[in-house]
Amino acid sequence: MSIQIVVESLFGNSDAVAAAIADGARATGASVGVTPVAAAPPELGPEVGLLVLGGPTHAFSMTRPSTRAEAHGKYGAPGQAEPGIREWIDRAVPRPDLPVVTFDTRVQVKLVPGSAAKSAASSLRHHGFGRAHRGKTFFVLGVEGPLAEGEAERARAWGAELAALDQPAGAPAD
Ligand SMILES: Cc1cc2nc3c(=O)[nH]c(=O)nc-3n(C[C@H](O)[C@H](O)[C@H](O)COP(=O)(O)O)c2cc1C
């Protein structure tokens with residue numbers, strides 16, 4: 001069994017979280033692949049035992065073409081424009097029994113609601129990934145980042161925890 005991480009990132013922060021999750025999981029001996037969402041095929045291989053799907057929160061949810069255009073136009077984001085994880089979910093071949101956890105990055109501003117991790121988990125379940133759960137949110141210090149202090153370490157520790165769940169009977173908690 002292996003862990004597949006599919007990540008969207010406009011400025012590199014969600015990429016850094018994905019890399020840290022992978023590091024933490026690999027440190028326990030897990031086999032982990034990290035794929036940018038633009039290169040992720042719609043059908044996961046049979047060897048995948050846990051999918052970790054993540055990306056930035058834009059406008060209280062997963063990115064959309066308009067918010068990605070804003071990231072590029074207003075902020076000069078270098079990352080891939082299309083597709084985002086929203087579009088990947090729409091095209092994905094569902095695996096009803098596959099454990100899936102989501103994550104997102106966002107700025108830490110009081111009273112600003114919304115999380116791409118939450119939206120993605122809900123969208124995945126509607127799309128037929130019946131075992132999709134919201135995972136963790138990681139904070140960045142501004143639209144362009146960087147990750148807040150300690151977030152990479154937190155992602156690494158979470159990766160090690162997730163590797164322990166990548167068992168036939170493992171089910172991530174919501
Ligand atoms: C168009 C746009 C909309 C955003 N909307 C939100 C938001 O609603 N809530 C939030 O916390 N952060 C918001 N952000 C900040 C992003 O979450 C931040 O840029 C992202 O976490 C950086 O991750 P990345 O480097 O992987 O793209 C927004 C950023 C952009 C560019």
Share of Cα-Cα pairs in segment 63-130 beyond 19 Å, in percent? 43 percent
Anyone know which of ALA22, ALA71, ALA121 comes out most mobile in the 10 Å Cα GNM of the chain? ALA71
Sort the following peptides by mean Cβ neighbour count (other Cβ atoms within 10 Å, averaged over residues), highest first: 49-56, 147-154, 110-117. 49-56, 147-154, 110-117
Please arrange ASP97, ASP15 by counting, for each residue, the other beta carbons lying within 10 Å of its beta carbon, fewest first. ASP97, ASP15
Looking at segment 18-174 only, what percent of DSSP beta bridges run antiparallel? Nearest 5 please. 15 percent
Tell me which chymotrypsin sites (Phe, Trp or Tyr not before Pro) from segment 1-83 have a DSSP coil assignment and no more than 11 other beta carbons within 10 Å of their own. none
Largest first and to the nearest Å, give the Cα extent of the chain along each principal axis. 45, 33, 29
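I need the calculated FRET efficiency for the pair ALA69 and ASP23, taking r as the beta carbon distance and R₀ as 41 Å, to the nearest 0.05.
According to the calculation, E is roughly 0.80.
Throughout, read-outs are computed from the coordinates displayed, never taken from laboratory work. Quick caveat, the model's predicted, so the values are computed rather than measured. Ideal geometry is used to build each Cβ from the backbone, glycine not excepted, and the neighbour counts take in all protein chains shown.
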